[in-house]
Amino acid sequence: MTERLEVDVAIIGGGIAGCSAALHLRRNGLSVCLMEKGALGSQASGVNFGGVRQQGRDFVELPLAIRSHEIWGRLPELVGTDCEFVPSGHLKLARSDADLDELERYAADAAALGLELEMIGAGRVRAEYPWLGDAVIGASLAARDGQANPRIVAPAFGRAARAAGAQVRESAKVLEAARDGESFSVRCADGLEVSARFLVNTAGAWGGEIAAAFGEPVPIATTAPNMLVTEPLPPLITRSIGVCGGDVYVRQVQRGNVVLGGGHGWADLALERSRPLTDVSARAIDKAIQVVPWLASALVIRSWTGIEGQMPDHLPVIGFSRTTSNLIHAFGFSGHGFQLGPVIGMIIDELIRNGASESPLGAFDIGRFSAVERPLAAPADAGNGG
């Protein structure tokens, strides 16, 4: 049975970015229909480590991360829950002199962009974090960074968007999206047909397929973060832990479980399936024990993965299409979009209502992958709430 909707904005993809966009657009008076092929947050937004960090980002992402951090601090008023966000601090560990040099250079450059990091030497690491292994010789602390539960963030934004009046449709797999005169037409497998003045592509690893349908192919690859969680343990790990090189990450939640990850599992984009790999999990456990030896006797109770989109330069695509007016892309976050998700929705709202964002987006332009430089497709009637 066919159901037809006409809205101002159609959004493909129900991760944090898409759900945040639906919420902000609806609160600013635009009608919205979000279509998610599975459950909200069931892929990259919900299967990641849960680190809410500004530290360690590419410097072109840092203004977005700093802006997003403010949103994380007011989630209860925005979506009705804190999503288990805890500003535990993010401790990035050095295991060699080269790592220490890297951390010191990053801290100096980050300070110029507004992110204050605190260098911690070997003696202080031993005194303040006696549970760290001997391999750790120093660290950099981002005291205001933290962690949250990725399973519940996108659904929380989705519920808030629904409460604000947005149409949020799960199990609505998009079969076709096309330009239809002055609007877009989107057809779903469940019979839903949506007509909209603006189309937003927040389809994650599938975002490249949407872009290609509008003449903007990009070299997006598929990855699958390999994640594990232990039984509940006594409280010990007080910070969210990362390392130079990014080969392992560790955090402990309030219930006592320790979440850890490293490496990549198996994924097939066409089949929409993924799974963790035993050998990758074993290597991640070994590295985690080197960093936190106390974990040697912990029992792993679950492992998982999901599908993420990886760009060759590890930067997302964010901004207007270069081929199609009123098409906006925000995908390919390459394993570090969880913290950015809330502000990406705000940026999409700004692009649609104002034609531009207050955040710098030049580095994320989809045109960087095109051999032929084309002008940006200008928005039409961007300020009209409809």
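The values are calculated or read from the model by the stated rules, or taken from the named source; none is laboratory data. Model, not experiment: these values are computed from the prediction. All Cβ positions, glycine included, derive from the backbone under ideal geometry; neighbour counts span all protein chains shown. Only protein heavy atoms, including side chains, enter the accessible area calculation; ligands, DNA and RNA are left aside. Shrake-Rupley method; radii C 1.70, N 1.55, O 1.52, S 1.80 Å.
Which order do ASP365, ASP279 take by accessible area at a 1.4 Å probe, largest first? Don't skip to the answer; put the middle values down first.
Working: ASP365 25, ASP279 85 Å².
Heavy-atom accessible area, descending, gives ASP279, ASP365.
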- Size of the stretch 302-354 as Cα extents on the principal axes (Å, biggest first): 44, 23, 15
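Hey, what's the Cα Rg ratio for the stretch 21-66 versus the globular rule of thumb, 2.2 N^0.38 Å?
Numbers: Rg = 14.6 Å, N = 46, 2.2 N^0.38 = 9.4 Å.
My calculation over the Cα atoms of the stretch 21-66 gives 1.55.
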- Express in nm, to one decimal, how much length is gained between LEU113 and ALA189 on full extension, taking 0.36 nm for each residue of separation and deducting their alpha carbon distance. 22.8 nm
- Item | Positive-end extreme of charge dipole, the stretch 170-233 - chosen from TRP206, MET227, PRO217 (charges on Cβ) | PRO217
- Message: Along each principal axis of its Cα atoms, how long is the chain end to end? Whole angstroms, biggest number first, please.
- Response: 66, 44, 41
- When the chain is treated as a GNM, springs tying every alpha-carbon pair under 10 Å, which of GLY41, GLY262, GLY80 comes out with the largest mean-square fluctuation? GLY80
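Considering the convex hull of the alpha carbon atoms of the stretch 228-375, report its projected area averaged over all viewing directions, in nm², one decimal.
Values: hull surface 46.7 nm².
Here the figure is 11.7 nm², rounded to one decimal.
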- Message: Test of understanding: what is the full-extension gain from LEU277 to ALA164, defined as 0.36 nm times their sequence separation minus their Cα-Cα distance?
- Response: 36.6 nm
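Based solely on its DSSP helices, what 222 nm [θ] is calculated for the chain when runs of n ≥ 4 H residues each add -39,500 (n - 2.57) and the sum is averaged over all residues, nearest 500 deg cm²/dmol? Can you show the working numbers first?
Working: 10 runs with 104 residues, N = 386.
Helices in the chain give a 222 nm mean residue ellipticity of -8000 deg cm²/dmol.
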- Message: Not counting ligands, DNA or RNA, and with a 1.4 Å probe, what is ILE137's accessible surface area in Å² rounded to the nearest 10?
- Response: 50 Å²
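About the Cα centre of the stretch 134-267, how large is the charge dipole given +1 on each Lys and Arg Cβ and -1 on each Asp and Glu Cβ? Please answer in debye to the nearest 20. Write down the numbers at each step before the final one.
Working: 12 positive and 12 negative charges, 103 e Å.
Approximately 500 debye in magnitude.
Roughly speaking, what % of Cα-Cα pairs in the stretch 1-99 are separated by over 19 Å, rounded to a whole number? Don't skip to the answer; put the middle values down first.
Working: 2836 of 4851 pairs.
Percent of Cα pairs beyond 19 Å in the stretch 1-99: 58.
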- Rounded if a/c is under 1.5, else prolate if a/b beats b/c, else oblate: with a ≥ b ≥ c from the C-alpha gyration tensor eigenvalues square-rooted, which is the stretch 328-373? oblate
- Out of LEU5, CYS83, ALA122, whose Cα points farthest toward the positive end of the dipole of the chain (charges: +1 Lys, Arg; -1 Asp, Glu; placed on Cβ)? CYS83
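In the chain, once you exclude exposed chymotrypsin sites (Phe, Trp or Tyr not before Pro) (DSSP loop, at most 15 other Cβ within 10 angstrom), what's the longest stretch remaining?
Values: sites that count: PHE59, TRP131.
Longest site-free region, per DSSP loop and neighbour criteria: 132-386.
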- Loop-located GluC sites (Glu not before Pro) in the stretch 126-235 whose Cβ has at most 15 other Cβ within 10 Å (DSSP): GLU182
- The distance between the Cα centres of the stretch 44-84 and the stretch 147-161, in whole Å, is 11 Å
- Angle between the Cα long axis of helix 62-72 and the longest principal axis of the chain, 0 to 90 degrees, nearest 10? 90 degrees
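Residue separation times 0.36 nm, minus the C-alpha to C-alpha distance between LYS173 and ARG4: what's the value?
Details: separation 169, 0.36 × 169 = 60.84 nm, distance 1.51 nm.
Extra length from LYS173 to ARG4 when fully extended: 59.3 nm.
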- Query: With every protein chain in place, what's the accessible area of ARG273 (1.4 Å probe, Å², nearest 10)?
  - Reply: 150 Å²
- Between ALA213 and ARG27, what FRET efficiency comes out of the Förster formula 1/(1 + (r/R0)^6) with R0 = 35 Å and r the beta carbon distance, rounded to 0.05? 0.75
- Helix 150-163 sits off the longest principal axis of the Cα atoms of the chain, rounded to the nearest 10 on a 0 to 90 degree scale, by 30 degrees
